[in-house]
Amino acid sequence: GQQLNQSPQSMFIQEGEDVSMNCTSSSIFNTWLWYKQDPGEGPVLLIALYKAGELTSNGRLTAQFGITRKDSFLNISASIPSDVGIYFCAGRMEYGNKLVFGAGTILRVKS
Amino acid sequence: EPEVTQTPSHQVTQMGQEVILRCVPISNHLYFYWYRQILGQKVEFLVSFYNNEISEKSEIFDDQFSVERPDGSNFTLKIRSTKLEDSAMYFCASNHESGENQPQHFGDGTRLSIL
């Protein structure tokens with residue numbers, strides 16, 4: 001089946017630092033999505049990417065859809081304590097609407 | 001902002017019992033999904049539903065599972081005879097009628113605990 005490899009598995013960073021995480025796959029995806037999940041809640045959409053090469057920002061968050069359509073990264077600049085949570089990448093393939101999720105990146109921020 | 005709502009937030013059920021998880025998708029959405037997340041693991045696709053029928057399902061979605069849209073607002077997931085390994089968070093999601101290039105929005109989930 002389709003697999004998304006997400007890294008790093010976890011990060012423990014100082015407040016104010018920049019963060020980068022990425023997802024790669026052997027399969028081609030038509031859509032890449034980045035979600036954040038807080039404890040006890042559902043995934044909340046951060047950024048959606050629909051075209052290869054697309055670079056999109058949402059406040060301090062920036063994400064890119066890789067040219068090969070097999071990868072994506074998410075950057076968070078100047079991290080703050082409320083950035084703590086689990087970040088998931090998710091991809092949608094050319095046919096069908098189901099999302100395939102990465103294993104998540106646990107982000108901890110120390111102030 | 002409109003959101004996907006799920007009830008109950010936590011369901012505790014004896015093994016072998018039937019359970020129904022309920023979702024109210026965003027009102028103008030026509031594509032509906034169920035996903036599950038076993039504790040500490042990634043989110044896994046179960047089933048997608050459009051135009052009153054299943055459009056895609058995963059290997060997890062076996063004969064014990066069924067989905068229904070009984071009226072114009074609710075979307076339910078039924079597990080006929082629950083097993084211990086069905087314990088997980090179950091998330092409902094929906095997206096806009098156009099489907100393509102529309103991100104899926106998730107509810108806060110139902111935590112299902114099978115005893």
Return the whole-Å distance between the Cα centroid of the range A:49-77 and the Cα centroid of the range B:29-47.
23
About its Cα centre, what dipole magnitude does the range A:3-66 give when the only charges are +1 on Lys and Arg Cβ and -1 on Asp and Glu Cβ, stated in debye to the nearest 20?
260
How big is the charge dipole of chain A about its Cα centre, in debye rounded to the nearest 20, if each Lys and Arg gets +1 on its Cβ and each Asp and Glu gets -1 on its Cβ?
260
Please identify, among B:Lys83, B:Lys57, B:Lys42, the residue showing maximal mean-square fluctuation in a Gaussian network model of chain B using a 10 angstrom Cα cutoff.
B:Lys42
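Can you work out the FRET efficiency for the pair A:Ser82 and B:Glu85, with r the C-beta to C-beta distance and R0 = 45 Å, to the nearest 0.05? Show your work: numbers first, answer last.
Details: r = 34 Å, r/R0 = 0.77.
Given R0 = 45 Å and the Cβ-Cβ separation, E is 0.85.
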Let me check against my output: what whole-number percent is the relative contact order of the range A:29-111, with C-alpha pairs under 8 Å and at least 6 apart?
29
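Sort B:His10, B:His96, B:His29 so the one with the fewest other Cβ atoms within 10 Å of its own Cβ comes first. Don't skip to the end; give the middle numbers.
Values: B:His10 11, B:His96 16, B:His29 19.
Arranged by neighbour count, lowest to highest, B:His10, B:His96, B:His29 become B:His10, B:His96, B:His29.
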Plugging the Cβ-Cβ distance of B:Ile54 and A:Asp18 into 1/(1 + (r/R0)^6) at R0 = 45 Å yields, to the nearest 0.05, a FRET efficiency of 0.55
Residue (of A:Ile76, A:Asn30, A:Pro43) at the positive-pole extreme of chain A, dipole from beta-carbon charges
A:Asn30
Positive-end residue of B:Thr76, B:Leu115, B:Tyr90, charge dipole of the range B:50-115 with Cβ unit charges
B:Leu115
How large is the translational diffusion coefficient of the range B:1-68 in µm² per second when you combine the Kirkwood radius over alpha carbon pairs with Stokes-Einstein at 25 °C and 0.890 mPa s?
180
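Can you figure out the FRET efficiency of A:Ser26 with A:Leu55, using R₀ = 35 Å and their beta-carbon distance, to the nearest 0.05?
Values: r = 23 Å, r/R0 = 0.66.
Between A:Ser26 and A:Leu55 the formula returns 0.90.
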Long-range amide H partners of A:Glu17 with built H, under 5 Å:
A:Ser79
Please compute the modelled spin-label separation between B:Ser113 and A:Val44, points set 7 Å along Cα→Cβ, answer in nm with one decimal.
2.5
Using Cα springs under 10 Å in a Gaussian network model of chain A, which residue among A:Glu41, A:Glu15, A:Glu54 shows the largest mean-square fluctuation?
A:Glu41
Please report the Cα spread of the protein assembly as shown along all three principal axes, rounded to whole Å, starting with the longest.
49, 36, 35
In Å³ and rounded to a whole number, note down the convex hull volume per residue for the Cα atoms of the range A:1-104.
95
Can you tell me which lysines have their Cα less than 22 Å from the Cα of A:Lys98? Leave out same-chain residues fewer than eight positions away.
A:Lys36, A:Lys51, A:Lys70, B:Lys42, B:Lys57, B:Lys78
Estimated vicinal HN-Hα couplings, Hz - the range B:66-74 in sequence order (Karplus 6.51, -1.76, 1.60; Gly, Pro = x)
8, 10, 8, 10, x, 8, x, 10, 8
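Taking the Cα centre of the protein assembly as shown as origin, work out the dipole magnitude from +1 charges on Lys and Arg Cβ and -1 charges on Asp and Glu Cβ, in debye rounded to 20. Mind showing how you got there, number by number?
Details: 18 positive and 25 negative charges, 60 e Å.
Magnitude of the dipole: close to 280 debye.
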Under a Gaussian network model of chain B whose springs join Cα atoms within less than 10 Å, the largest fluctuation of B:Leu84, B:Leu46, B:Leu30 belongs to B:Leu84
With the calculation restricted to Cα positions, what are the radius of gyration and Dmax of chain B in angstrom?
13.3, 41
Per-residue HN-Hα couplings for the range A:83-90, Karplus 6.51 cos²θ - 1.76 cosθ + 1.60 at θ = phi - 60°, whole Hz, x for Gly and Pro?
6, 4, x, 10, 10, 10, 8, 8
Sorted largest first, the Cα spans of the range A:46-111 on the principal axes come out in Å as 43, 22, 16
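A short reminder: the numbers here are calculations on the coordinates, not readings from a lab. This is a predicted model, so every value here is computed, not measured. Note that each Cβ is placed from the backbone with ideal geometry, even for glycine, and that neighbours are counted across all protein chains shown.
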